[in-house]
1. Which percent, to the nearest 5, of DSSP beta bridges fully inside the chain are antiparallel?
2. May I have the extent of the alpha carbons of the range 303-357 along their three principal axes, as whole Å values ordered from largest to smallest?
3. Exposed loop trypsin sites (Lys or Arg not before Pro) only (DSSP loop, at most 12 other Cβ atoms within 10 Å): please give the longest stretch of the chain free of them, not including the sites.
4. Fully extended, how many nm does the chain gain between GLU286 and ARG92 (0.36 nm per residue separation, minus their Cα-Cα distance)?
5. Ignoring everything except DSSP H segments at least 4 long, calculate the 222 nm mean residue ellipticity for the chain; use -39,500 (n - 2.57) per segment, divide by total residues, nearest 500.
6. Roughly speaking, what is the stretch gain from ILE125 to GLU99, that is 0.36 nm per residue apart minus the C-alpha to C-alpha distance, in nm to one decimal?
7. Let me spell out the model: positive unit charges on the Cβ of Lys and Arg, negative unit charges on the Cβ of Asp and Glu, origin at the Cα centre of the range 112-227. What dipole size does that give, in debye rounded to 20?
8. Among the aspartates and glutamates, which fall within straight-line cross-link reach of LYS132, defined as a Cα-Cα distance under 16 Å, with same-chain neighbours fewer than 8 residues apart omitted?
Amino acid sequence: MTLPTELLINELQTFGVRLADPRAGVESRRGGAGPSDHKALTIDGMTVMAPVHTAPAFDSPYVIEAPDARGRSRILKNGAALAEATFPMRPRFYDLTTENGVPYSKIATLHGRDVLATTVLQTCIRYQSRTKTCQFCAIGQSLAAGRTIERKTPAQLAEVAKAAVALDGVKHMVMTTGTPRGGDRGAAILCESAAAVKEAVDLPIQAQCEPPDDDAWFARMSEAGVDSLGMHLEAVTPEVRRRVMPGKAEVPIERYLAAFASAVPVFGRGQVSTYILAGLGDTRDEILAMCETLVAIGVYPFVVPLVPISGTPLESTPVPSSAFMHSLLEPLANMLREHGLKATDIKAGCGKCGACSALSTYERALLS
Ligand code: SF4
């Protein structure tokens with residue numbers, strides 16, 4: 001490979017890629033909570049989500065050729081071969097349906113290579129009005145398109161998780177949720193969902209929600225079977241939060257920091273994480289300063305380049321440059337090492353999966 005893997009992955013995630021054969025690998029997801037419009041690829045042992053359906057991806061200098069007979073595809077930049085990639089296979093659990101006819105793929109999906117991901121509640125109080133919605137989020141798109149169902153019951157999640165472990169060897173599960181009405185912010189439905197999955201199958205689970213109004217929910221989630229917790233800041237300065245996520249910004253950063261400090265003793269250092277989207281307007285120094293605060297209290301900051309999803313208010317926002325991401329991820333990987341936090345030590349969730357950012361590849365490069 002002519003480019004170190006972490007730099008190549010960083011470039012693929014910021015430029016996006018053009019696929020010579022769009023049918024290769026697992027079908028890419030459009031819309032939904034969290035990352036979307038991506039395709040999963042494995043490069044040098046790291047599985048990454050590379051944008052394929054976004055406006056920048058259509059003009060990307062990177063092209064991935066159709067897989068050869070061994071399932072390998074060359075990655076070309078401006079026509080020159082740089083590396084090889086493989087595509088994770090379509091999971092077998094996608095062929096199953098529940099007794100009452102709901103396809104398993106509408107209940108949970110495969111993320112990266114070995115992560116089962118679900119949005120337990122596909123509606124959100126923040127998504128109801130244009131003035132409150134998080135501008136990067138597409139939680140309502142996949143529901144409107146009929147690709148998912150609004151509420152996944154604990155029994156459905158347990159059934160799908162059991163099958164995904166047995167048929168496809170998934171290693172951990174991410175349960176996120178739109179924010180419902182009520183002060184628990186979704187913690188209650190995450191508890192009942194985690195308990196049902198744990199009853200059915202031994203699978204590490206990360207739950208993701210906004211900070212609940214009562215920190216007692218952290219112990220309840222842990223007792224229900226949640227192994228790690230994500231509470232996602234997305235943006236790190238009050239100005240950017242107000243502009244990009246006016247509803248969620250009603251929960252101040254101070255509340256997030258207090259919730260992190262309460263949750264870390266329950267789940268353990270490095271088992272609580274937050275998602276930070278680079279490219280929303282926070283500067284490099286603002287993001288790194290917040291990361292310093294977070295790692296000092298034992299929170300893993302998963303810094304991810306913004307992918308402007310088609311159909312969202314941010315669809316025309318420029319993606320962060322690969323140089324900007326490099327200027328963040330290299331010092332962040334060093335910071336994590338100094339504080340003894342590692343993606344590979346996380347029991348479940350986005351930080352462990354790592355496919356939406358080159359961060360864990362930067363961490364790996366420090367070890368080599
Ligand atoms: S990092 Fe999180 S959101 Fe991204 S593919 Fe992995 S599990 Fe899904």
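Here, each number is a calculation from the coordinates, and none is a lab measurement. Remember, predicted model here, so these are calculated numbers, not experimental data. Positions of Cβ are generated from backbone atoms using ideal geometry, with glycine treated the same way; all protein chains shown enter the neighbour counts.
1. Details: 23 of 46 bridges.
DSSP beta bridges in the chain are roughly 50 percent antiparallel.
2. For the range 303-357, the Cα spread along each principal axis is 38, 26, 13 Å.
3. On the way: sites that count: ARG23, ARG70, ARG130, ARG181.
Longest run free of exposed loop sites: 182-368.
4. Working: separation 194, 0.36 × 194 = 69.84 nm, distance 4.32 nm.
Working it through step by step, the gained length comes to 65.5 nm.
5. On the way: 12 runs with 124 residues, N = 368.
Helices in the chain give a 222 nm mean residue ellipticity of -10000 deg cm²/dmol.
6. Values: separation 26, 0.36 × 26 = 9.36 nm, distance 3.08 nm.
Full extension of this stretch gives 6.3 nm more.
7. Details: 13 positive and 14 negative charges, 119 e Å.
The calculation lands at about 580 debye.
8. Within reach: GLU210, GLU234, GLU239, GLU250.
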